[in-house]
Amino acid sequence: MSRPRKFFGVLAGCAVLMGSVAFVGSVSGAGPDKYSVKVPGGLAFSEFRGYESWETIAVSHNASAIAVIVGNPAMIAAFKAGIPDNGKPVPDGAKMAKVHWVPKKSAFFPDATIPGVQHDVDFMVKDSKRFADGNGWGYAVFRYDAATDTFTPGTTADMPPQGNDAKCGVACHTLAKKRDYVFTEYGHR
């Protein structure tokens, strides 16, 4: 085989390889990186990096959603120490995430309801200095769009309405003031 022919063969092979890499990259990450999304004037998704592998605190469900509530190691340690049931405040740095899915019936167990498409994810972080005007807690909601595989900050059009700040959960969580604004109960293990 002649030298120019080998060169063009190698060049064509490289072009095919580069095109394949570009295609796979564009399909696998259809939307922007979720960790680049931020509530204007509020929390960033990146502040909760790794939440997908946090320990489960509890699960909840109703007719419109199935949810799992997870906590970072600081939150899990607080729950294990009896906080907030013992009246002590949750320590700064504790974080929780609540992942919601639209419920669907299991194909294998018709009486069972299982997670369908993801709906959103809610975040809470305790930082008494940063969120002094929110009772020490910062909140965020990120809606999930399955068609584009992207997350966007919740808005005032959502139910419940989400403002463009870290205080979107303050009014709701006042119901749990005696538990340092934490609704979730740590399930017995």
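The values are calculated or read from the model by the stated rules, or taken from the named source; none is laboratory data. Predicted model only: the values in this text are computed from it and were never measured. A quick note on method: Cβ atoms are made from the backbone with ideal geometry, for glycine too, and the neighbour counts reach across all protein chains shown. Remember, those area values only see protein heavy atoms, side chains included, never the ligands or the DNA or RNA. Shrake-Rupley method; radii C 1.70, N 1.55, O 1.52, S 1.80 Å.
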Subject >> Lone unmet requirement of (1) open to solvent by less than 90 Å² (accessible area, probe 1.4 Å); (2) modelled with pLDDT under 95; (3) over 22 Å from Pro32 (Cβ atoms); (4) of a type in the set (A, V, I, L, M, F, W, C) for Leu175 >> reply: (1)
Subject >> Single unsatisfied condition, Pro84 versus (1) surrounded by fewer than 17 Cβ atoms within 10 Å (Cβ to Cβ); (2) at pLDDT below 95; (3) more than 20 Å from Thr155 (Cβ to Cβ) >> reply: (1)
**OP:** Tell me, yes or no, whether region 124-141 has at least one residue that is at pLDDT below 95, closer than 20 Å to Ala171 by Cβ and among the acidic types (Asp, Glu).
**Re:** yes
Subject >> Subset tally (residues that are in contact with a helix residue (DSSP H, G or I) (Cβ under 9 Å, 6 or more places away or on another chain) and open to solvent by less than 60 Å² (accessible area, probe 1.4 Å)) for region 88-126 >> reply: 13
